[in-house]
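Worksheet: the structure to be examined is printed underneath.
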Amino acid sequence: MTWSEQMITIGMVVLGTVLTRFLPFLLFPSGKPTPKYIQYLGKVLPPAVFGLLVLYCLKNVSLFTGNHGIPEFIAIAVVAALHLWKRQMLVSIAGGTVCYMLLVQFVF
């Protein structure tokens, strides 16, 4: 990249960061109630993203070859158990990831 292309790229990244950080505060000021559709999205998007993550992680698992998906399903069970116990999505994700990595590295 030339020097001017680098400066334009840096400027675009800065502009994108500033817009994504400050735009919600401009659109939804603290004195005004949050619109119902934004509240709805806030409730349904985290579980939807979690579900997509599970599907993405399992898309290449073969039940007929290799480990037959055993480490993946054990990790899913750990995630479900942690989530039922603690009700913290980040704890569930981190616990499942650690469990899966340990299973893949040391067991399977």
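The values are calculated or read from the model by the stated rules, or taken from the named source; none is laboratory data. Treat the numbers as computed from the prediction; the structure is a model and nothing was measured. Virtual Cβ from ideal backbone geometry, glycine too; neighbours counted across all protein chains shown. The area values use the complete protein model at the heavy-atom level, side chains included, leaving out ligands, DNA and RNA. Shrake-Rupley method; radii C 1.70, N 1.55, O 1.52, S 1.80 Å.
The table below lists the values:
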{"item": "Euclidean distance of C-alpha centroids, region 63-94 and region 1-42, integer Å", "result": "34 Å"}
{"item": "Semi-axis lengths (Å, descending) of the ellipsoid that matches the C-alpha gyration tensor of region 1-52", "result": "33, 18, 5"}
{"item": "Point-charge dipole on Cβ atoms (K/R +1, D/E -1) for the chain, about Cα centre, debye to 20", "result": "500 debye"}
{"item": "Ranking by accessible area, most exposed first, for 43, 86 with a 1.4 Å probe", "result": "43, 86"}
{"item": "Length released on extending from residue 4 to residue 85, taking residue separation times 0.36 nm less the Cα-Cα span", "result": "23.8 nm"}
{"item": "Relative packing of 74-83, 52-61, 96-105, which averages over residues the other C-beta atoms within 10 Å, highest first", "result": "74-83, 96-105, 52-61"}
{"item": "Extent along principal axes [Cα atoms of the chain; Å; largest to smallest]", "result": "50, 47, 21"}
